[in-house]
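One structure is given here, and the rest of the page talks about it.
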Amino acid sequence: MLRLLIAFAAALVLPAAVSGAATADGGKSTRTWTVQVGSESSDQAIQGMAFLPENIYVNAGDKVTWRANSAEIHTVTFLAEGQSLESTQPFDPAVPEDVNQMGGKDYDGHSYYNSGVMTNVSNSGFNQVKKYTLAFPNEGDFTYYCLVHGMAMKGTVHVRAAGTDYPYRQSQYDHQAEKQERAILRDGHRQWDAARDQTDKHTVIAGTDNGTSMVMRFIHQKIEVRVGETVTFVNNGMGAPHTVTFGKEPANFFAPLGDPTQFSGGDLNSGIMPPGTKFTVTFTKAGEFDYICALHDFMGMKGTVEVRK
């Protein structure tokens with residue numbers, strides 16, 4: 001009887017052990033793997049600067065599909081051999097190589113390949129790319145970047161010889177991505193709380209991030225000052241650029257517009273504010289002045305300055 005019980009237990013355990021293996025075919029069949037591009041909270045206020053997973057292990061001949069997972073724009077960009085990331089910064093919508101799909105469908109390991117602008121919404125101001133697929137015929141470790149966020153957002157495709165056992169299943173990558181998304185959301189809320197402590201009646205935090213989690217809001221969204229007083233907008237993040245744009249959004253919101261030292265209404269634009277920069281506006285007329293981040297207004301990044309006499 002004891003032998004029968006042991007045999008029965010072994011029969012139950014063995015299928016479970018086999019199903020837990022990373023691959024059932026010794027890595028012989030080619031596969032298509034999925035990487036999420038970005039992440040976000042339900043109200044889009046918190047965005048993630050991450051490829052999920054950051055590292056993926058595939059075999060020669062496999063494909064990788066990147067799927068847009070956030071309203072924030074990103075790219076999947078493999079630089080050309082000898083090309084530095086710095087030479088592509090800052091991201092520029094006027095440069096075709098930054099915003100258009102470049103390269104073929106098979107990654108050659110040394111040329112410039114770009115996905116175009118990836119986002120899960122259609123109103124970002126760019127041609128929407130929902131997914132991007134490349135085949136990897138050659139072995140090697142291939143690092144790629146988001147041109148919008150630079151070094152803050154990179155990933156690597158590790159390509160091994162055909163037939164190599166896979167270390168992870170897609171479901172394991174997905175589970176890993178879900179854990180990372182939850183962590184990014186927690187980090188975002190902590191940053192939001194910390195940013196509130198850095199504001200005062202003349203200071204607005206123009207977005208904040210820690211290199212992975214981004215808060216796409218002006219903190220505080222409404223501020224009151226008197227005529228002749230100033231408001232300083234501070235981008236104290238590490239990776240995400242923003243703008244402070246009053247009036248009509250200019251065709252080229254990357255360039256400064258107007259005189260912030262004596263603003264009485266109309267069109268005023270900070271230009272791109274990289275992390276660590278400030279933009280100070282002196283208000284010379286009473287009124288209620290609405291402004292946006294021209295990069296992220298479609299996510300709700302808007303604010304108001306009420307100027308009293």
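Numbers for the structure displayed
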read-out	value
Structure-derived Cα Rg over 2.2 N^0.38 Å: which label, when the choices are (i) 1.23; (ii) 0.93; (iii) 1.00	(i)
Square roots of 5 times each gyration tensor eigenvalue, C-alpha, the stretch 166-295, largest first, Å	35, 16, 11
Within straight-line cross-link reach of residue 302, lysines at Cα separation under 29 Å, skipping those fewer than 8 residues along the same chain	130, 131, 154, 201, 222, 248, 278, 285
Cα-projected label distance for residue 141 with residue 80, points at 7 Å along beta-carbon direction, nm	2.5 nm
Debye intensity ratio I(q)/I(0), log10, the stretch 130-177, q values 0.18, 0.22, 0.32 Å⁻¹ (C-alpha model)	-0.81, -1.11, -1.15
Between helix 170-197 and the chain: long-axis angle, C-alpha atoms, 0 to 90°, nearest 10	20 degrees
Residue among 80, 251, 71 with the largest mean-square fluctuation in a Gaussian network model of the chain, springs linking Cα atoms under 10 Å	251
Debye intensity ratio I(q)/I(0), log10, the stretch 75-151, q values 0.19, 0.22, 0.24 Å⁻¹ (C-alpha model)	-0.80, -1.04, -1.20
Segment residue 229-residue 282, extension gain: residue separation times 0.36 nm, minus the distance between their alpha carbons	18.5 nm
Per-residue SASA entry for residue 42, accessible area with 1.4 Å probe, Å² rounded to 10	130 Å²
Fluctuation leader among 49, 151, 214 - the chain, Gaussian network, Cα springs under 10 angstrom	151
Nearest-ten-degree value, helix 2-19 long axis tilted from longest Cα axis of the chain	40 degrees
Mean accessible surface per residue for the stretch 122-187, computed with a 1.4 Å probe while every protein chain stays in place, in Å²	52 Å²
Highest-MSF residue in the chain out of 93, 167, 274 [GNM, Cα springs under 10 Å]	167
Of all accessible heavy-atom area on the chain, the percent that carbon and sulfur account for (1.4 Å)	51 percent
Estimated 222 nm signal from helices in the chain, with DSSP H stretches of n ≥ 4 weighted -39500 (n - 2.57), rounded to 500	-5500 deg cm²/dmol
Cα-based Rg and Dmax for the stretch 85-212, where Dmax is the largest Cα-Cα distance (Å)	18.4, 63
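The values are calculated or read from the model by the stated rules, or taken from the named source; none is laboratory data. These numbers come from a predicted model, not from an experiment. A quick note on method: Cβ atoms are made from the backbone with ideal geometry, for glycine too, and the neighbour counts reach across all protein chains shown. Surface accessibility is based on the protein's heavy atoms, side chains included, excluding ligands, DNA and RNA. Shrake-Rupley method; radii C 1.70, N 1.55, O 1.52, S 1.80 Å.
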